[in-house]
Amino acid sequence: MSAICIDDLRVAFGELRVLDGLSLTVERGEIVAVLGPSGCGKSTLLRAIAGLDVHPTGTIAVAGDVGYVFQEPRLFPWLNVEKNVRFAARSPEEVARVEAVLELTGLQKARATLPKALSGGMAQRAALARTLVRKPSVLLLDEPLAALDALRRMQLQEALGEIIATVGATAILVTHDIEEALYLADRIVVLGGSPSRISLEITLPSHKRRNRDANLTAERSTLFHALSGDELRQEESA
Amino acid sequence: MRRTLLAWLVPAAILVVWIVAGAAHWFAPDQLAPPSRVLAELGSLWQRGLLQQDILASTVRVFAGFAIALALAVVLGTLVGLNRAVERAIDPTLQAIRAVPSLAWVPLLLLWLGIGESAKITLIAIGAFFPVYVNLVAGVHGVDRKLVEVARVLGLHPLAVATRVVLPAAFPSLLVGARIGLTQAWLFLVAAELLASTRGLGFLLTEGQQISRPDEILVAILLLALAGKLCESGMLAIERRTTAWTDGLR
């Protein structure tokens, strides 16, 4: 069975239809990046999968636990890093995993630090660690690196790729960054139109995945045109 | 050190004016007692063991009333802050009760509860409740919706969301309310003790007035100021220790 199976997903906020008949299947261990212009419903898709107040119609089937990482770290400011991670633990096994997760995310030295004293990258690592402590089989990543500077974003992309591979999770990564999608994803899905549906899908050959030196010129160009075209159409219709 | 000195500047000035006023006989002796008289009276009351009884009686009343107020305010403030239906149902009534001046409760409480401790403690609880309640409701309303969403994504039970996310996040507001509430408790204590009591700092005030002893009145006023200030400083210290995580200016 696939890790995520979405069929004919529709979401509307009152009169405004955001997603219209979106179908997407994600295999176990696959990383799918979702690209699209702002407001196209990328986050809405993740919220619908996580069951967060968007009232979708259609079917969404997810195998196993879902972990959600938001664009902002959303750490509990009164808890230090370790206690933030421990917050998500439900069982003794999950509490016992806190240590390993701190190590995996490179946070052992920052364990006693309060969120207000963390850099953006460290805070986002802590948010990821908090999610990972439950060993979710599906990770929903809602532009988790968008607020970081370019260098830190690239570093964290590599860390994120390794971490997802290590825990063997399936992931949907929402991003507006073509390079991030090209680096991290096995498959890239572009949302477009209004209301949105999948306008383009690219599967990257395995030798080009998680490889900064891969020649991705053709893919980059295809994505660029798909996204720009959509933007133009939106401007014309507006 | 400099900050401490600065804080003593105004009290020192008041003391000087007080001494001068006494020495220059600006007031009749039965209106204003000089500091030396007040100090002597304080020593005399203490030696006779009366002052200790008054301080103890008042302190017990204040903290009993405050504890009841705090418990009620935490429960009601959290419910009202979290649930709009509960807010609509009880907040208007509570706000109306809040608008009643403290002294207006006294006759009713005496009628209902008699002149014993329960009437006094109830009055103090009424006084201490509202600052805690109002601040906590505001604090809960101000809790970052995004943090609550994290708890919901993690599948926390609504009760766990309240105790593990909402209350800790609103804790700084709760403490501000508790600090004001405790001060308020001392204010309402005097209202309670002025009317019917045989012990306590408020009683000392009434007695001093009845037997025309300004020194006794001033002893009570000084002790009330001291008690209020001590409570305020204690609460501030708790606030500083427990809310170091906030990212504000201070």
_For the range B:188-250, radius of gyration divided by Kirkwood radius, i.e. Rg to Rh on alpha-carbons_ = 1.25
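Can you give the charge dipole size of chain B about its Cα centre, rounded to the nearest 20 debye, using +1 on the beta carbon of Lys and Arg and -1 on the beta carbon of Asp and Glu?
On the way: 20 positive and 15 negative charges, 153 e Å.
Computed charge dipole of chain B: roughly 740 debye.
With the cut-off at 1.5 for a/c, could you classify the range A:1-143 from its C-alpha gyration tensor as rounded, prolate or oblate? Don't skip to the end; give the middle numbers.
Numbers: a/c = 2.48, a/b = 1.77, b/c = 1.40.
Judged from the Cα gyration tensor, the range A:1-143 comes out prolate (a/c at least 1.5, a/b above b/c).
Consider all pairwise Cα distances in the protein assembly as shown and report the whole-number % of them above 37 Å. Write out the running numbers ahead of the final one.
Details: 58297 of 118828 pairs.
The answer is 49 percent, as a whole percent.
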*Once Lys and Arg get +1 and Asp and Glu get -1 on their Cβ, which of B:LEU204, B:VAL74, B:PHE130 lies farthest toward the positive end of the dipole of chain B?*
B:VAL74
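Per residue of A:63-72, what is the mean number of Cβ atoms on other protein chains within 10 angstrom of that residue's Cβ?
On the way: counts 0, 0, 1, 2, 2, 5, 2, 4, 1, 3.
Partner-chain Cβ atoms within 10 Å, mean over residues of A:63-72: 2.
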*asked:* Please compute one quarter of the surface area of the Cα convex hull for the range A:74-144 and express it in square nanometres.
replied: 4.5
*Mind grabbing the base-10 log of I(q)/I(0) for the range B:29-125 at q = 0.11, 0.20, 0.24 Å⁻¹? Debye formula, identical points on the C-alpha positions, no solvent, two decimal places.*
-0.56, -1.06, -1.17
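Kindly state, as a whole number, the per residue volume in cubic angstrom of the convex hull around the alpha carbon atoms of chain B. Don't skip to the end; give the middle numbers.
Details: hull volume 40.3 nm³, N = 250.
Considering the Cα atoms of chain B, their hull volume per residue is 161 Å³.
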*Identify the trypsin sites (Lys or Arg not before Pro) of the range B:88-163 meeting these criteria: DSSP loop state and at most 16 other C-beta atoms within 10 Å of the C-beta.*
none
*asked:* Ignoring solvent entirely, what values of log10 I(q)/I(0) come out of the Debye formula for the range B:106-250 at 0.16, 0.18 Å⁻¹ when each Cα is a single scatterer?
replied: -0.91, -1.02
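Calculate, for A:PHE13 and A:GLU201, the FRET efficiency according to 1/(1 + (r/R0)^6) with r their C-beta to C-beta distance and R0 35 Å; round to the nearest 0.05.
The calculated FRET efficiency here is 0.85.
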*What 222 nm value per residue comes from the helices of chain A, counting each DSSP H run with n ≥ 4 as -39,500 (n - 2.57) and dividing by all residues, nearest 500 deg cm²/dmol?*
-11500 deg cm²/dmol
*Could you work out, for the range A:23-90, what percent of all Cα-Cα pairs fall into each 10 Å distance bin, beginning at 0 Å and stopping at the bin that holds the largest distance?*
14, 42, 32, 13, 0
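Mind checking the full-extension length gain between B:THR93 and B:ALA28? Use 0.36 nm per residue of separation minus the Cα-Cα distance, one decimal, nm.
Values: separation 65, 0.36 × 65 = 23.40 nm, distance 4.85 nm.
Gain on stretching B:THR93 to B:ALA28: 18.5 nm.
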*Which net charge results for the neighbourhood of B:VAL106, defined as the other residues with beta-carbon distances under 15 angstrom from its beta-carbon, given Lys and Arg at +1 and Asp and Glu at -1?*
0
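How large is the helix-only mean residue ellipticity at 222 nm for chain B, computed as the sum of -39500 (n - 2.57) over DSSP H runs with n ≥ 4, divided by its residue count, in deg cm²/dmol to the nearest 500? Don't skip to the answer; put the middle values down first.
On the way: 11 runs with 201 residues, N = 250.
Calculated mean residue ellipticity at 222 nm is -27500 deg cm²/dmol.
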*Cα-based helix-to-principal-axis angle, B:35-47 vs chain B, degrees rounded to 10*: 70
_If you fit an axis through the alpha-carbon atoms of helix A:150-167 and take the longest principal axis of the Cα set of chain A, what angle between them do you get, 0 to 90°, nearest 10?_
80
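With the cut-off at 27 Å, tell me which of the pairs A:LYS83/B:LYS229; A:LYS42/A:LYS208; A:LYS109/A:LYS135; A:LYS42/A:LYS109; B:LYS146/B:LYS229; A:LYS83/A:LYS135 have Cα atoms farther apart than that.
Working: A:LYS83/B:LYS229 35 Å; A:LYS42/A:LYS208 24 Å; A:LYS109/A:LYS135 22 Å; A:LYS42/A:LYS109 35 Å; B:LYS146/B:LYS229 38 Å; A:LYS83/A:LYS135 17 Å.
The pairs that break the limit, which is 27 Å between Cα atoms, are A:LYS83/B:LYS229; A:LYS42/A:LYS109; B:LYS146/B:LYS229.
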*Round to the nearest 10 and give me the degree value, 0 to 90, for the angle of helix A:217-237's Cα axis relative to the longest principal axis of chain A.*
70
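What shape does the range B:86-131 take by its C-alpha gyration tensor, where a ≥ b ≥ c are the square roots of the eigenvalues and a/c under 1.5 counts as rounded, a/b above b/c as prolate, and the rest as oblate? Let's see the in-between values first.
Details: a/c = 2.33, a/b = 2.20, b/c = 1.06.
Cα axes put the range B:86-131 in the prolate bin.
Each value in this text was obtained by applying a stated rule to the coordinates, not by laboratory testing. This one's a predicted model, so the numbers in the text were calculated from it and none came from an experiment. Cβ coordinates were reconstructed from backbone atoms using ideal geometry, including for glycine residues, and neighbour counts include every protein chain displayed.
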